[in-house]
Amino acid sequence: MKIKKREKAYDGYFKINKITVEQEGQTFTREQFDRGSAVCALVYDTEKHQYILTKQYRIGSESELVEVVAGMIDEGEQPEQSIRREIEEEIGYHVNKLEHLYTFYSSPGGTTEQVSLFYAEVSEQHGAGGGSAQEHEYIQIVRYSAQELIDLETHDAKTIIAQLWLKLQQK
């Protein structure tokens, strides 16, 4: 497959490209959701021995979801900087230890988004968290034991990946 042409089809809060491709002599177009890159972290409080997740309304699912701390990488940031910022904004902790686990495409059939998943250890909450009012975030903090997190039913892919990683660590 060869990309012949790329043009912006929509340039709002989200961006959509119209891509013209050629494959085996055929030329056709596809829309591509240009989402940018994201970060997320499974956060463990080493003092309370609990995993800290967030609960917030998500427009894509049109529902509240419990999920690992997550956000977009801002221009000029490295993934490690972004996830440290997101952890402070969303749950009010400084990071003591940070380990990169995986980088994956969230939905490669139509979106450019790559997600970097981290494991983070924290020990002292210095702020309230709750997200950025500027970004209209209203985030609740939720805490789970390891087993409660493993047993949690969620429809969020990045959280499911974090749960599976945790389950593998328990063996």
State all residues of the range 42-70 that are in contact (Cβ under 8 Å) with a residue 12 or more places away in the chain and on the phi > 0 side of the Ramachandran plot; if no residue qualifies, say none. HIS49
Name, by its number, the condition in (1) more than 26 Å from PHE14 (Cβ to Cβ); (2) small (Gly, Ala, Ser); (3) touching a Leu at 6+ places or on another chain (Cβ under 9 Å) that does not hold for ALA162. (1)
Sole residue being modelled with pLDDT of 95 or more and over 14 Å from the mean Cα position of the chain (by Cα), chosen from GLU124, GLU88: GLU88
Residue ranges of strands (runs of 3 or more DSSP E) in the range 59-171 with at least 1 members surrounded by 12 or more Cβ atoms within 10 Å (Cβ to Cβ) and among the small types (Gly, Ala, Ser): 69-72, 114-122
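The values are calculated or read from the model by the stated rules, or taken from the named source; none is laboratory data. The model shown is predicted, which means the values in this text are computed figures rather than measured ones. Cβ coordinates were reconstructed from backbone atoms using ideal geometry, including for glycine residues, and neighbour counts include every protein chain displayed.
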